[in-house]
């Protein structure tokens, strides 16, 4: 597994440092690639640089020198056929990989995207109907939806919102109380966001985790989905970055016949409308509990703190 980073909630420089710190929290070594150059705190990780694991100067230089993330993406998928691509940020690097070599469109076995929307619900500002990841680089999002040839699954913003107010159904914060260093780290880095949501009677529900869970166990995690044709709006004053869904095809049941108002040129995309939150919660708790063994083996092998 490799990791690529783009500018999103924080700068790409800060994002690379955050990932280096996060990997140290779980004693993992994974190559990090960066591109060209606050709800989650000033640094994107809860504004607590002295908490475990403490921020180190080397975190800001912990990426692979001399190789752009887009090129690394192409090389990774060229040498590892049948790999799933999971995107939980802006799609800049994927779009650049497509432009570097159009054959990248067919290399991933599947693509799972956390981002966009299906019903026009935005989360950027009052005068925008775009979701944050797609809003950061609408052109890249449109290139990806239009040109990628592998199956695409999108977890839209509405799916997160639907679960975040289910306060009596599940405690999204229970894994943060586990007596494991990684749980303490997650509690720290989500503290600012959790406080803001709690002020509005919402939980810090699963978001990026849904996309990763689908990549691991799609049939178990997805409870409801819909195949839809869609594009990304690039020019609207209020809608730039919004996913424009072809609901007309759904209305006329396009797959059952022809209609002069309809166009089949765009490939259908799977939009996740509901997921098994309890199963995903168990997966996350199990992964965090198992992280303790990573700490033990890391100390045995001399991997730093």
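What to note about this one:
- Number of residues in the stretch 119-156 that are farther than 27 Å from residue 77 by Cβ and either surrounded by fewer than 23 Cβ atoms within 10 Å (Cβ to Cβ) or touching a helix residue (DSSP H, G or I) at 6+ places or on another chain (Cβ under 6 Å) (or both) equals 11.
- From 269, 284, residue being modelled with pLDDT of 85 or more, closer than 26 Å to residue 204 by Cα and surrounded by 17 or more Cβ atoms within 10 Å (Cβ to Cβ): 284
- For the condition in contact with a strand residue (DSSP E or B) (Cβ under 9 Å, 6 or more places away or on another chain) and either surrounded by 17 or more Cβ atoms within 10 Å (Cβ to Cβ) or at pLDDT 95 or above (or both), residue 108 qualifies.
Condition check ((1) crowded, with 20+ Cβ neighbours inside 10 Å; (2) at pLDDT 90 or above) across all residues:
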| residue | (1), (2) |
| --- | --- |
| 185 | yes, no |
| 197 | no, no |
| 201 | no, no |
| 204 | no, no |
| 207 | no, yes |
| 215 | no, yes |
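- For the stretch 71-102, the set of residues classified as assigned to a helix (DSSP H, G or I) and under 17 Å from residue 113 (Cα atoms) consists of 73, 77, 92, 93, 94, 95, 96, 97, 98, listed by residue number.
- Any chance residue 63 is under 30 Å from residue 106 (Cα atoms), at pLDDT below 60 and assigned to a loop (DSSP other than H, G, I, E, B): yes
- Residue match in the stretch 162-175 (condition: assigned to a helix (DSSP H, G or I), touching a helix residue (DSSP H, G or I) at 6+ places or on another chain (Cβ under 8 Å) and surrounded by fewer than 20 Cβ atoms within 10 Å (Cβ to Cβ)): yes
- Check on residue 123, closer than 19 Å to residue 245 by Cα and not in a loop (DSSP other than H, G, I, E, B): no
- Within the stretch 234-266, the residues that satisfy the criterion of being assigned to a loop (DSSP other than H, G, I, E, B) and modelled with pLDDT under 80 are 252, 253, 257, 258, 259, 260, 261, 262, 263, 264.
The values are calculated or read from the model by the stated rules, or taken from the named source; none is laboratory data. Because the structure is predicted, anything quoted here is derived from the model rather than measured. Don't worry about glycine lacking a Cβ; one is built from the backbone with ideal geometry, like all the others, and counts go over all protein chains shown.
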